[in-house]
Amino acid sequence: RPPEKTLALLQPELDPDNAHGTAKLWAALKSIGVEPEDVEPGFTDKAAPLHDKVPKNKAATISSQRKDIREGLRRSRLEQVRVALEELDGAQPPRGNIE
């Protein structure tokens, strides 16, 4: 079952025109193999903590690099979801009477 609240929070970023419902958004996420948590804005800040043996003078640099990598990954996934939404639109059969 799709997490409606989480999808509703993602919808302004992934579907600003609200052209797709949360069901289609859920389908797009699943089609690329990611969970909503993988593209939510807080994803960038959820990096694993640094090990105690990491030198203190390098900790800030490493943390910053990790955050940048996670933000790049998030942006890439957002683009993949947008492409998947477009593909789902193209896969829709026509509705109504076909003559």
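What follows draws every value from the coordinates through simple rules; no lab data is involved. The shown structure was predicted, so the numbers you read here are calculated from the model rather than taken from an experiment. Glycine also receives a Cβ, built like all others from the backbone with ideal geometry; neighbour counts cover every protein chain displayed.
Structure summary
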{"read-out": "Long-range lysine pairs (8 or more apart or interchain), the range 4-90, Cα under 29 Å", "value": "13"}
{"read-out": "All-pairs alpha carbon distance profile, the range 4-90, 10 Å steps from 0, percent", "value": "16, 43, 22, 14, 5, 0"}
{"read-out": "Mean Cα-pair separation over length for the chain, i.e. relative contact order, pairs under 8 Å, 6 or more apart, %", "value": "35 percent"}
{"read-out": "For the range 41-47, Karplus couplings with θ = phi - 60° (6.51, -1.76, 1.60), whole Hz, Gly/Pro x", "value": "x, x, 4, 4, 8, 8, 5"}
{"read-out": "Cα centre as origin, Lys/Arg/Asp/Glu Cβ charges: the chain dipole, Debye", "value": "660 debye"}
